[in-house]
Amino acid sequence: MIIDTHTHIFPEHVKQDRSRFFDNEPEFKLLYNSPKAAICNIVELLKSMDKYQVDISIICGFPWRSPEFTKKNNDVIIESVQKYPDRIKGLACFDAFWTGAANETRRCIDAGLSGAGELAFYLSGIDKAALTSLEPVMTVLRENGNLPCMIHTNEPVGHKYPGKTPITLEQIYTLAKTFPANKIILAHWGGGIFFYNIMKKETKNILKNFWYDTAASPFLYDSQIYDLAVDAGVIEKVLLGTDFPLLTPGRYFADINNSNISPFQKKQILGKNASSLYG
């Protein structure tokens, strides 16, 4: 089974004219101002899934500042899950600083969604204020079967690109210490923090409830990163995530096949790990 744990869809009216949604949404404009930044709907996602033999996709929207946009995007996620229950699972997405974030999390879970994400702090990084804003959401997730939360992270060095946040490894580490009981998926390989799983003493225990998705990996890392995940002892925590429509699954399949991991480890990344995490 192949499970893509990180995809995005939008309401049709956003796809048709994104420029209408730039006002008072600096994060959305940052990521989607370029017409090259693809926006897709559920039909296009399903076509891609069929082409690349993806069995299940986990979808999310965008962390809009506007509560109205947030609810409309989450409603599209909910409708997709209800229409295609065997193929689509969904996450509640919102601006964590919104005072209604915890209530929106409950609403979406009650409607059948499987957690929260992709939550992002594109302009600030995961600073103290961000951690404080996450507390009510993390509480709701724990109270509802400890559902996972996917959080945008990125490497703190290297080339710049839209959506690269001013995040530090210390901030990601503090995230783990702040919410030790929550299941947290770090998008984009967690900015590389999984390398520190080989440290002695406290680090393994602190990072134990982190999972790492592969979103944007072909843009960021050589295929060797899969081998490094094995060496770091986290291969059972690695999840296929394409960030579709940013990239198609085929790009990830090629990188995985170019690595030195075993056939069983490939199956873990492509679906077994996600199946265990999401049940």
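Quick notes
- Subset of region 209-225 that is touching a Leu at 6+ places or on another chain (Cβ under 8 Å) and under 23 Å from Lys160 (Cβ atoms) - its residue that is surrounded by the most Cβ atoms within 10 Å (Cβ to Cβ): Ala215
- Qualifying positions in region 40-52 - touching a strand residue (DSSP E or B) at 6+ places or on another chain (Cβ under 8 Å) and within 21 Å of Pro63 (Cβ to Cβ): Cys40, Ile42, Leu45
- Within region 124-170, the residues that satisfy the criterion of being assigned to a strand (DSSP E or B) and touching a helix residue (DSSP H, G or I) at 6+ places or on another chain (Cβ under 9 Å) are Cys149, Ile151.
- Scanning region 1-51 for residues that are of a type in the set (Asp, Glu) and in a loop (DSSP other than H, G, I, E, B) returns Asp17, Asp23, Glu25.
- Identity of the residue in region 255-276, of a type in the set (A, V, I, L, M, F, W, C) and in contact with a Ser or Thr (Cβ under 8 Å, 6 or more places away or on another chain), that ends up surrounded by the fewest Cβ atoms within 10 Å (Cβ to Cβ): Ile256
- Flag if Phe69 is crowded, with 19+ Cβ neighbours inside 10 Å, under 20 Å from Phe28 (Cβ atoms) and modelled with pLDDT of 95 or more: yes
- Annotation note: Cβ proximity below 6 Å between a residue of region 1-16 that is under 14 Å from Ser114 (Cα atoms) and modelled with pLDDT of 95 or more and a residue that is among the acidic types (Asp, Glu) and not in a strand (DSSP E or B) (sequence gap 6+ or interchain) occurs for His6/Asp243.
- Selection within region 148-192 - of a type in the set (A, V, I, L, M), out of contact with any strand residue (DSSP E or B) (no Cβ under 7 Å at 6 or more places or on another chain), in contact (Cβ under 8 Å) with a residue 12 or more places away in the chain and surrounded by fewer than 22 Cβ atoms within 10 Å (Cβ to Cβ): Leu169, Ala181
- In the set (1) of a type in the set (Gly, Ala, Ser); (2) out of contact with any Ser or Thr (no Cβ under 7 Å at 6 or more places or on another chain); (3) crowded, with 17+ Cβ neighbours inside 10 Å, the condition left unmet by Gly250 is number (3).
- Total residues in region 174-196, condition closer than 10 Å to Phe210 by Cβ and in a helix (DSSP H, G or I): 5
- Selected residue [closer than 17 Å to Gln53 by Cβ and in contact with a Lys or Arg (Cβ under 9 Å, 6 or more places away or on another chain)] from Gly271, Gly241, Gly250, Gly233: Gly250
- Residue count for region 34-57 satisfying the condition of being surrounded by 13 or more Cβ atoms within 10 Å (Cβ to Cβ) and without any contact (Cβ under 8 Å) to a residue 40 or more places away in the chain: 1.
- Scanning region 92-123 for residues that are part of a helix (DSSP H, G or I) and either within 13 Å of the chain's Cα centre (by Cα) or not small (Gly, Ala, Ser) (or both) yields Asn103, Glu104, Thr105, Arg106, Arg107, Cys108, Ile109, Asp110.
- All positions within region 222-244 that are touching a helix residue (DSSP H, G or I) at 6+ places or on another chain (Cβ under 7 Å) and in a loop (DSSP other than H, G, I, E, B): Ser223, Ala232, Gly233, Val234, Leu240, Thr242
- Every residue from region 193-208 that is under 23 Å from Leu91 (Cβ atoms) and surrounded by 16 or more Cβ atoms within 10 Å (Cβ to Cβ): Ile193, Phe194, Leu207
- Options Lys71, Lys89; residue that is in a helix (DSSP H, G or I) and of a type in the set (Lys, Arg): Lys71
The values are calculated or read from the model by the stated rules, or taken from the named source; none is laboratory data. The shown structure was predicted, so the numbers you read here are calculated from the model rather than taken from an experiment. Note that each Cβ is placed from the backbone with ideal geometry, even for glycine, and that neighbours are counted across all protein chains shown.
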